[in-house]
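Below: the structure, in structure tokens.
The values are calculated or read from the model by the stated rules, or taken from the named source; none is laboratory data. Quick caveat, the model's predicted, so the values are computed rather than measured. Here Cβ is always computed from backbone atoms with ideal geometry, including for glycine, and neighbour counts include all displayed protein chains. What goes into the accessible areas is simple: the full protein's heavy atoms, side chains included, and nothing from ligands, DNA or RNA. Shrake-Rupley method; radii C 1.70, N 1.55, O 1.52, S 1.80 Å.
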Amino acid sequence: MDLKANLSRYVAVNQQEAADKKLMLDLMETQEHLFTRINKCAHFTASAWVVNQGRDKVLMAYHNLYDSWAWLGGHADGNKNLLEVAIKEVQEESGLKNVKAVTNEIFSIEVLTVDGHEKKGLYEPSHLHLNVTYLLEADENEPLINKPDENSEVAWFKLDDAVAASNEEWFRKRIYPKLNAKLKQYLDGSLAK
């Protein structure tokens, strides 16, 4: 899976995505170690908008670090196949075993700011997450297990309720509504599959 090629052909749906796509591609040309945390300024992450089989609910985790309900995902940590990273992170953070891609194509992109924080007793400076989001599907009846070192709860939400559950204003206004709108476009066929 060639991320640079996939990003190059990705069609941005708004100004945020167009600007973030350009920044990601520019950084891929000028920066090293973007797939590991060695690069302290910016590195790739993968997130998932995990829907149930009816595609009317989304899976969220209550992230301890951000003190908010949020999508699932994590760092590439050397893996350049970000779809694999997204699936692995969902499985680790939720306990779900049967997670599959609705599409192998990139669903959304975002450059996310991460404020400086302490993790496992060490200070992490503020940096950027070059985030690639994938649309995944799982069975809402499969048992959920939280990952105590990262989240305190995992639950399914109706699409609009997932947006409202977030305490992070930028995500609540810009990211999660965009993902829901793209999901509806994907389902009605107006978004390329």
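For every other residue with a beta carbon closer than 15 angstrom to the beta carbon of LYS4, add +1 if it is Lys or Arg and -1 if Asp or Glu, then tell me the sum.
Details: positive: ARG9, LYS21, LYS22, LYS80; negative: ASP2, ASP20, ASP26, GLU29, GLU32, GLU105.
Value of the local net charge: -2.
Nearest 20 debye, what's the magnitude of the dipole of region 102-193 about its Cα centre given +1 on Lys and Arg Cβ and -1 on Asp and Glu Cβ?
I would put it at about 380 debye.
In deg cm²/dmol and to the nearest 500, what is the mean residue ellipticity at 222 nm of the chain if only DSSP H runs of at least 4 residues count, each as -39500 (n - 2.57), divided by the residue total?
After summing the helix terms and dividing by the residues of the chain, the value is -9000 deg cm²/dmol.
Which trypsin sites (Lys or Arg not before Pro) from region 50-85 combine a DSSP loop assignment with at most 16 other Cβ atoms within 10 Å?
ARG55, LYS80
Taking 8 Å as the Cα distance limit and 6 or more residues as the minimum spacing, I'd like the relative contact order of the chain as a percentage.
Worked out over the chain, it gives 24 percent.
Direction-averaged shadow area of the convex hull around the Cα atoms of region 11-82, nm²?
Mean shadow area of the hull around the Cα atoms is 6.6 nm².
Can you give me the P(r) profile for region 73-168? Cα pairs, bins 10 angstrom wide beginning at 0, each as a whole percent.
All Cα pairs considered, the percentages come to 13, 39, 40, 8.
In this model, which of LYS21/LYS80; LYS158/LYS184; LYS147/LYS173; LYS4/LYS147 are farther than 22 Å apart at the alpha-carbon?
Table pairs above 22 Å Cα-Cα are LYS147/LYS173; LYS4/LYS147.
Taking the chain as a Gaussian network, Cα atoms linked when under 10 Å apart, which of ILE145, ILE109, ILE87 shows the biggest mean-square fluctuation?
Fluctuation is largest for ILE145.
Evaluate the Kirkwood expression for the hydrodynamic radius of the chain, namely the inverse of the mean inverse distance over all pairs of different C-alpha atoms, and round to one decimal in Å.
16.8
How much of the accessible area of the chain, in percent, comes from carbon and sulfur atoms when a 1.4 Å probe is used?
Carbon-and-sulfur percentage of accessible area, whole number: 50.
Write down, largest first, the equivalent ellipsoid semi-axes of region 78-131 in whole Å, where each equals the square root of 5 times an eigenvalue of the alpha-carbon gyration tensor.
Over the Cα atoms of region 78-131, the ellipsoid semi-axes are 25, 16, 9 Å.
What are the extents of the Cα atoms of region 147-193 along their three principal axes, listed from largest to smallest and rounded to whole Å?
In descending order, the Cα extents are 39, 21, 16 Å.
Based only on Cα atoms, what Rg/Rh ratio does region 114-163 have, Rh being taken as Kirkwood's radius?
Across region 114-163, the Cα-based Rg/Rh ratio is 1.05.
Measure off 7 Å from each Cα along the Cα-to-Cβ vector at ALA12 and ASP160, then give the distance between these two points in nanometres to one decimal.
About 3.0 nm separates the two model spin labels.
Please list, ordered by chain and number, the residues whose modelled amide H lies under 5 Å from the amide H of GLU140; skip anything fewer than 5 residues away on the same chain.
So GLU140 has HN proximity to GLN53.
What number comes out for accessible area per residue over the chain if the probe is 1.4 Å? Units Å², please.
Accessible area per residue: 50 Å².
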